[in-house]
Amino acid sequence: MNIEQLVNNITPELYERLQYGAATGKWPDGTPLMPEQRDQAIQAVMLYQAKIEKSEQQFTVGADGHIVQKSKQELKRQFASSNDIARFNQNDI
């Protein structure tokens with residue numbers, strides 16, 4: 001199986017499990033990953049982000065294979081344009 005086939009066979013659910021394992025060092029059920037498994041999970045997550053997800057979020061791998069890094073100004077613009085979910089006053093509590 002080549003890399004393209006491997007990445008194309010990763011489901012969104014599997015991607016989330018790999019991402020969790022890469023970030024925490026254990027699977028969602030609590031089983032710890034061996035160092036080799038964690039390295040492989042990180043590689044799979046990076047490949048998925050670059051080839052399938054094509055995310056433009058900060059510190060993900062873009063379609064060009066480079067890590068997406070945004071300036072402080074770009075991040076401020078991004079968050080300023082996002083819709084608020086809820087607003088509360090201190091007196092609401």
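If we sort 13-23, 29-39, 43-53 on the protection proxy, mean other Cβ atoms within 10 Å, highest first, what's the order?
In decreasing order of mean packing, 13-23, 29-39, 43-53 become 43-53, 13-23, 29-39.
Give me the one-decimal nm value for the distance between modelled label points at Ile42 and Lys76, 7 Å along each residue's Cα-to-Cβ direction.
Taking the two extended label points, one gets 3.3 nm.
When Lys and Arg each count +1 and Asp and Glu each count -1, what net charge do the other residues less than 13 Å away from Tyr20, Cβ to Cβ, add up to?
0
No value in this document is a laboratory result; all are computed from the given coordinates. It should be emphasised that the depicted structure is a prediction, and the values quoted were computed from it without experimental measurement. Note that we place each Cβ from the backbone using ideal geometry, even for glycine, and neighbour counts take in every protein chain shown.
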